[in-house]
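What follows draws every value from the coordinates through simple rules; no lab data is involved. On a predicted model such as this, the values are computed, not experimentally measured, just so you know. Using ideal geometry, Cβ is built from the backbone for each residue, glycine included, and neighbour counts are taken over all protein chains shown.
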Amino acid sequence: MTTPHVEIEQQRLLRTAIPGPRSDALHRRKASAVSSGVSTALPVYIERAGGGILVDVDGNQLIDFGSGIAVSTVGNAAPRVVRRVQEQVADFTHTCFMITPYEEYVEVAETLNDLTPGTHEKRSALFNSGAEAVENAVKIARSYTGRQAVIAFDHAYHGRTNLTMALTAKNMPYKHGFGPFANEIYRVPMAYPFRWPGGAENCAAEAFAMFTDLVHAQVGESNTAAVLIEPIQGEGGFIVPAPGFLKLVSDWCREHDILLIADEIQTGFCRTGNWFACEFENVVPDLVTTAKGIAGGLPLSAVTGRAEVMDAVHAGGLGGTYGGNPVACAAALGAIETMKSENLVGRAKQVEAIFLPRLQQLAAKYPQIGDVRGRGAMLAIELVEGAHDKTPNAALLGTVTAHCHSQGLVTLTAGTYGNVFRFLPPLSIGDDLINEGLDILEEAFAASC
């Protein structure tokens, strides 16, 4: 007999300490059954979720400011996603698109070709994870250009596979002890306004000059297949490049017949107040990688790009057993339908309008908040030692995070130096929960500073 779906009341509720006894018991089981290499930021075990609330096994209801790292953008158990998934599961769960294909994969590809920036003819290929999408984008770029070198940026995060670890800038915990890594990867500085030595006002021009000089001297334009960039860096600390930098890089790539790959895995699908973050700079990438928010929580990713680039790969060169699984494709169609019908692009802007003034007020009160940045429902604060000391303050981040967690607010951290709060609420969250969560954040700073 099917258990009927019960709507979750959209309020924070603490029945036990966080974590509670049932979560503690499950965490002991986790320690004896799961590799210790798989860590857990908050050992609270979830049994239901919806809107802006996570319900744990002890009956506590927590406010979600993380969306499973930007995945549950449309909310957990979104009705259109649930309906499409249930229908698809009842039809079939797998055939492998490379063996006997199905319409759902084609429909997702058509939708991505329509949604991603640019009016040119496009093609898409579907995969399982963000890292897999990035790996395949690099494969496609190398196949099309006949070149090998790939340019990545400081503070970048692109995944945990061997190639994407090479592209990722942060050692611990992502790369430490796992080398050697793939070669022909070259790193250049990111236009990071808050930490740019010449000041934020000079950041775009100086970073671009350094970028072009390094590529010319150390790599060679004619050896470069692609430049890979996050329009807003994710794990690196929600770094929004200095205005104009992305456009300069895009124009330079076009001049030298180098492909621009936009990693929109965390920024895509309404998260920043546009369908894709590169739209803020009117940049049209040659290839776009997507994942996370694409399918309402089911594993799916994609590479979408110029038809002539995507079609340059030989038949059989792209694919995978589970890539574009029909159930995940059904979820993606339901998620994108939700984004359109509920105007989640507009909702992301509303979330920003609530969050940003509160974060700025907090920064005005506490000099340890050195920077407030981001777009839409992808916002961050960077913690430092003081008003005139930009030394990263990871210790304060840990203290504030612990307080938030104890009060039933799920928050995420980020940053190369481990000193950034990143805020990624589901776009289904209510305004009252946002404000209550920000009240808890303010209380955490008052108790910690």
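Using the alpha-carbon centroid of each, what span in Å lies between the range 148-164 and the range 226-284? The range 148-164 and the range 226-284 have Cα centres separated by 15 Å.
For the range 80-341, the Kirkwood hydrodynamic radius comes to 18.7 Å, computed from all pairs of different C-alpha atoms. Mean-square fluctuations from a GNM of the chain, with a 10 angstrom spring cutoff on Cα atoms, peak among ILE185, ILE265, ILE232 at ILE185. The Cα trace of the range 378-449 gives Rg and Dmax of 12.4, 38 Å, the first to one decimal, the second as a whole number.
Here is how the number arises for the chain: DSSP H runs of 4 or more residues each give -39500 (n - 2.57), the sum is divided by the residue count, and the result at 222 nm is -11000 deg cm²/dmol. Could you calculate the FRET efficiency of ARG48 with GLU255 from 1/(1 + (r/R0)^6), where r is the beta carbon distance between them and R0 is 60 Å, rounded to 0.05? According to the calculation, E is roughly 0.70. Residue-normalised convex hull volume from the C-alpha trace of the range 346-416: 93 Å³ per residue. The phi-based Karplus calculation (6.51 cos²θ - 1.76 cosθ + 1.60; θ = phi - 60°) puts the 3J(HN,Hα) values of the range 352-369 at 4, 5, 7, 5, 4, x, 5, 5, 5, 5, 5, 5, 5, 8, 10, x, 6, 8 Hz, whole numbers, x for Gly and Pro. The simple Förster model, with R0 at 51 Å and r as the Cβ-Cβ distance, assigns GLN148 and HIS388 a FRET efficiency of 0.70.
Scanning residues 5 or more positions from LEU259 or on other chains, those with amide H under 5 Å from its amide H are ALA226, VAL227, with H placed 1.01 Å from N in the peptide plane.
Full extension of the chain between ALA200 and CYS449 yields a length gain of 86.9 nm, computed as 0.36 nm times the residue separation minus the alpha carbon distance. Once C-alpha pairs closer than 8 Å and six or more residues apart are averaged by separation and normalised to the residue number of the range 80-341, the relative contact order reads 31 percent. Of the GluC sites (Glu not before Pro) in the range 378-441, not one is in a loop by DSSP (not H, G, I, E or B) with at most 16 other beta carbons within 10 Å.
Direction-averaged projected area, Cα convex hull, the chain: 21.7 nm², rounded to one decimal. Per-residue Karplus couplings for the range 118-135, computed as 6.51 cos²θ - 1.76 cosθ + 1.60 with θ equal to phi - 60°, are listed in order as x, 9, 5, 5, 10, 9, 10, 9, 10, 9, 9, 9, x, 4, 5, 5, 5, 4 Hz, Gly and Pro entered as x.
Once backbone amide H atoms are built at 1.01 Å from N, LYS122 has ALA307 as its partners under 5 Å, excluding neighbours fewer than 5 places away on the same chain. Segment ALA217..VAL82, full-extension length gain: 43.3 nm, with 0.36 nm per residue of separation and the alpha-carbon distance subtracted.
Note on the chain: antiparallel DSSP beta bridges, both residues inside, total approximately 65 percent of the bridges counted. Shape of the range 193-290 from the C-alpha gyration tensor: oblate (a/c of 1.5 or more and a/b not above b/c, with a ≥ b ≥ c the square roots of its eigenvalues).
In nm, give the distance between the simple-model label positions of LYS340 and SER39, each being 7 Å from the Cα along the Cα-to-Cβ direction. Distance between the two pseudo-spin positions: 4.1 nm. The range 34-98 and the range 386-438 have Cα centres separated by 21 Å.
Based on the Cβ-Cβ distance from ALA31 to MET172, what FRET efficiency comes out when R0 is 22 Å, to the nearest 0.05? Efficiency, rounded to the nearest 0.05: 0.55. Maximal additional length on extending the PHE181-GLU279 stretch stands at 32.0 nm, based on 0.36 nm per residue less the C-alpha distance.
Its alpha carbons considered, the range 210-261 gives a radius of gyration followed by a Dmax of 11.6, 32 Å.
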